[in-house]
Amino acid sequence: MKILLLGSGGREHALALKLKASAAAVELVSAPGSDALAELGHRVALDQENPAMVAAWCAENRPDLLVVGPEVPLVAGVADAVRALGIPVFGHDAATARLEGSKAFAKEFMQGHGIPCAASHTVTELAEGEALVRTWPYSYPIVLKADGLAAGKGVVLASDETEALATFRAFMAGQFGEGSKTVVFEEPLVGMELSLHVLVDVDAEHAAYALLPACQDHKRIFEDDQGPNTGGMGAFGPIPFLRAEDIQLMRTELVEPTVRGLQQDGLEARGVLFLGVMWTASGPKLLEYNVRFGDPETQVLMQLLDEDLGALLLEVAEGRLIPRDLKVKPHTAIAVVLAAEDYPEGAKKDVPISIGTPAITVIHAGTREQNGQWLTNGGRVLNLATSAPDLAAARAAIEAALPEVGWPGMQVRRDIGLKALRHAQAGKTVRDPW
Ligand code: AMP
Ligand code: GLY
């Protein structure tokens, strides 16, 4: 099976490692790829955000499956262009990708389909937004979201009126282009955040989904959730104190109305939806949709999934997903990010990395190779991933591997999963304060 994989980061390396373990021999081509991905197949220099260019390559090379990693190609219409050639694509078309590409569209969708979420106001006029800030009817912080994609920087939790006004005016002045001239204001939700991934296969005739284990990411750079936000410093799953009935509640409140809503609105879906969920005092609420796999959540999910990934993604891409409980190992998996010096403000590049022979999986997120030496080449550089019978054992396996891997200036959070572990050990549930 020839597979073209779009992307270049840790998520794609984890997907690629799992695809290579598929029963059918997989010929993997990555674009733009990375040196680590090139070791698993070969790379082609395609602009993944250019639908015509990706489609032209596919028309000539006829892959059996296109797997799209990041959201930007999906929003740009890459899946539409390749699907039009009759080639199966794991990845949503541009219309469905708006669930991530437009926060205002996502809120309309949630509210239109009765999906519990934060109260919100979508604003397109300067005076209207300034008046809203001055008469803010909810508690602080004021959550401001630039409508369009903003590389993870379009959500600001403003702690006072001054910060909210400054943020709003910067958005309206085009901080993130035209896409930030529409701003969604939201009430703040308080609780425990989790990442819920669901494979979805929806068209006018059928609507199928398959849920993956709930994970938890750690977004702040420093331990104890201190410091600036990052793309994610480590994740684990499943969450030990989430019970079957809690998962069931998220199915009925969030997942099923989403799947039904897609069909009612005439949207097709052939890929994954990653629901950002806040479990509040009044139950689970939807923060946002992502139309792609999370990073580093994917690194966790690929450790847990006990299915043939190539066959599974093709099943979705060809519109024949059988709704079911996916097979997962009875384990807890963890992925810890090793980040570059200066991340997230910058990333110190070209620092030589030592990778010994740790007894865990080393995933490349931002590296390059020069004369047989791996060098740092991005903010999130490597991920250490493993699974074990429980969260404590998984954490211990990462701790044991850490001395083997590193470089001067490396940043790592040693507390991935620790808060959840303590919550579970104290006998608390998701209904107890987080
Ligand atoms: P992003 O992934 O960049 O869209 O950022 C979204 C993040 O902002 C979420 O993961 C939450 O941590 C936070 N967030 C978004 N909406 C809210 C909200 N209404 N209340 C509290 N936190 C929020
Ligand atoms: N880990 C969060 C994300 O991928 O958006």
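The values are calculated or read from the model by the stated rules, or taken from the named source; none is laboratory data. Keep in mind that this is a model prediction, so the values were computed, not measured. A quick note on method: Cβ atoms are made from the backbone with ideal geometry, for glycine too, and the neighbour counts reach across all protein chains shown. These accessible areas exclude ligands, DNA and RNA; they are computed on the full protein's heavy atoms, side chains included. Shrake-Rupley method; radii C 1.70, N 1.55, O 1.52, S 1.80 Å.
Charges were assigned to the Cβ only: +1 to each Lys and Arg, -1 to each Asp and Glu. The resulting dipole of region 329-434 about its Cα centre is roughly 400 debye. Under the simplified labelling scheme, the Glu245-Tyr138 pair shows an inter-label distance of 2.8 nm, with each label point 7 Å from Cα along Cα→Cβ.
For the listed peptides 358-366, 269-277, a ranking on the average number of other beta carbons within 10 Å per residue, highest first, reads 269-277, 358-366. The charge dipole of region 168-236, taken about the Cα centre with unit charges on the Cβ atoms of Lys, Arg (+1) and Asp, Glu (-1), comes to about 360 debye, rounded to the nearest 20.
Using the Karplus relation 6.51 cos²θ - 1.76 cosθ + 1.60 with θ = phi - 60°, the per-residue 3J(HN,Hα) values for region 161-172 come to 4, 4, 5, 5, 5, 5, 5, 4, 5, 5, 4, 5 Hz, with x marking Gly and Pro.
Remark: the chain carries a charge dipole of roughly 600 debye about the Cα centre, counting +1 on each Lys and Arg Cβ and -1 on each Asp and Glu Cβ.
Give me D for region 152-210 in µm² s⁻¹, whole number, from Stokes-Einstein with Rh from the Kirkwood sum over alpha-carbon pairs, 25 °C and 0.890 mPa s. Reported coefficient: 167 µm²/s.
Carbon-plus-sulfur accessible fraction, the chain (probe radius 1.4 Å, protein heavy atoms only): 50%. At an R0 of 51 angstrom, the distance between the Cβ atoms of Arg320 and Ala131 translates into a FRET efficiency of 0.50.
At a probe radius of 1.4 angstrom, the accessible area of the chain per residue rounds to 39 square angstrom. Extension gain for Ala84-Gln264 works out to 62.5 nm (0.36 nm per residue, less the C-alpha to C-alpha distance). Modelled label positions at Ala25 and Glu193, each set 7 Å beyond Cα in the direction of Cβ, lie 4.5 nm from each other.
A prolate overall shape is assigned to region 322-407, the ratio a/c of its alpha-carbon gyration tensor axes (a ≥ b ≥ c) being 1.5 or greater and a/b exceeding b/c. Taking all protein chains together and rolling a 1.4 Å probe, Trp434 ends up with roughly 90 Å² accessible.
Between region 238-311 and region 129-193, the C-alpha centres lie 25 angstrom from each other. May I have the pair-distance distribution P(r) for region 60-154, computed from all Cα-Cα distances with 5 Å bins from 0 and rounded to whole percent? The distribution over region 60-154 is 2, 11, 17, 17, 16, 12, 9, 6, 4, 3, 2, 0, given as percents. Mean separation of Cα pairs under 8 Å and 6 or more residues apart, divided by the residue count, gives region 97-242 a relative contact order of 19 percent.
Between Lys327 and Ala392, the simple label model (points 7 Å from Cα in the Cβ direction) yields a spacing of 3.0 nm. Springs join every pair of Cα atoms under 10 Å in this Gaussian network model of the chain, and among Ser30, Ser354, Ser282 the largest mean-square fluctuation is at Ser282.
In terms of the mean number of neighbouring beta-carbon atoms within 10 Å, the peptides 86-93, 333-340, 122-129 order highest first as 333-340, 86-93, 122-129. Hull volume per residue, based on the alpha-carbon atoms of the chain and their convex hull, is 139 Å³. Judged by the gyration tensor of its Cα atoms, with axes a ≥ b ≥ c, region 152-291 is oblate; a/c meets the 1.5 cut and b/c is at least as large as a/b. Full extension of the chain segment joining Ala151 with Glu341 gains 66.4 nm, where the gain is 0.36 nm per residue of separation less the Cα-Cα distance.
If R0 is taken as 35 Å, the Cβ-Cβ distance between Glu108 and Trp434 corresponds to a FRET efficiency of 0.75. What shape does region 24-73 take by its C-alpha gyration tensor, where a ≥ b ≥ c are the square roots of the eigenvalues and a/c under 1.5 counts as rounded, a/b above b/c as prolate, and the rest as oblate? In terms of gyration-tensor shape, oblate.
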